[in-house]
1. Sorted from largest to smallest, which semi-axis lengths in Å does the alpha carbon gyration tensor of region 155-289 give for its equivalent ellipsoid, taking the root of 5 times each eigenvalue?
2. Which whole-number value in Å³ per residue fits the convex hull of the alpha carbons of region 114-195?
3. With an 8 Å Cα cut-off and a minimum separation of 6 or more residues, compute the relative contact order for region 213-288 in percent.
4. Quick check on region 6-208: what are the equivalent-ellipsoid semi-axes from the Cα gyration tensor, as sqrt(5λ), descending, whole Å?
5. Where does the charge balance sit around Pro150 when Lys and Arg score +1, Asp and Glu -1, over other residues with C-beta under 13 Å from its C-beta?
6. Nearest 10 degrees is fine. How inclined is helix 197-211 to the longest principal axis of the chain, computing both from alpha carbons?
7. For region 213-288, what is the per residue volume of the convex hull drawn over the alpha-carbon atoms, in cubic angstrom?
8. Among all the lysines, which ones have a C-alpha under 23 Å from Lys24's C-alpha, if same-chain residues fewer than 8 places away are not counted?
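Since every read-out is calculated from the coordinates, none of them should be taken as a lab result. Note that this is a predicted model, so its numbers are computed, not measured. Cβ sites come from the backbone with ideal geometry, for glycine too, and all protein chains shown count toward neighbours.
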Amino acid sequence: MSYSQIKLDIAGGVATITLHRPEKMNAFTRVMMDEMIHAIDTTDADDSVRAVIVTGHGDRAFCAGADLTPEDGGHVFSDPNPVEDLSDERVRDGGGRLTLRLFDSKKPLIGACNGVAVGVGATMQLPFDVRLASDNARFGFVFARRGITPEAASSWFLPRLVGMQTALEWCMTGRIFDAAEAHERGLVRSVHPQGELLDAAHGIAREIAENTSAVSVAMTRAMLWRLGAAGHPMDAHKIDSRAIYRLSRSEDAKEGIASFLEKRAPAYPDTVSEDMPDFYPWWDQPAYR
């Protein structure tokens, strides 16, 4: 697929997705949504990719939110053909379609927020596993100041990351806050000078790519995101037990032990395309619901 609003680069086991609408501060559109989903489909299917970095083009903005200037000049939230049935597929919000796909990624996602990130520019980052920010980054969950509500499933993600009190404050005030506050409240892992941001993100990506089992990471990602919201620890125990039982008999486990004992770098043979445990994805199987 040829991309028009993002760039996808793959090198050394790391994929980099760059939001690329420099004339619009990388503002979000349906085209960008489709292209990002396609890019994640691509990285999931490519066993050479061990981690994915998502960033924005330039040094001003990661993503300045939804593009509020549609080409036809109409109001961005208006619908010339309103839908009465709220279960209609057309009602679904584009940011949520993207974050749900990000949530299901088999590869770890590292955000490198290089500037302004408001609205969907902030909420699309919530399913990332690690978020880094440049020192000029600014965040805003500005929906209440636009007469709408938080989207992109952020009512599920945001309180899990920063706690309910902070999530409510940020969303009810809609105020813009800086990278230091984002770091203090736990939204981002660390803050870096603009020129060092991508190097820091690549450092984390390489740590994963060079030292870990792809299958282990994919399972760990799914388990922590999904089981952290389970109703009882027994739900986690069931999946933990099955995962340990299956993976401990894998070729990757043999290599992990051998490389440790032999004091050498590991060369894990298993792949997410061929060697995920037979009960994955457990959440789609009736026995685990």
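1. Working: eigenvalues 221, 119, 23 Å².
Value: 33, 24, 11 Å, ordered largest first.
2. Working: hull volume 6.2 nm³, N = 82.
Expressed per residue, the convex hull around the Cα atoms of region 114-195 is 75 Å³.
3. Numbers: 42 pairs, mean separation 28.2, N = 76.
Once normalised by length, the contact order is 37 percent.
4. Values: eigenvalues 132, 83, 53 Å².
Value: 26, 20, 16 Å, ordered largest first.
5. On the way: positive: Arg145, Arg146; negative: Asp93, Glu151, Glu169.
Net of charged neighbours comes to -1.
6. 30
7. Numbers: hull volume 7.4 nm³, N = 76.
Dividing the Cα hull volume of region 213-288 by its residue count gives 97 Å³.
8. Lys7
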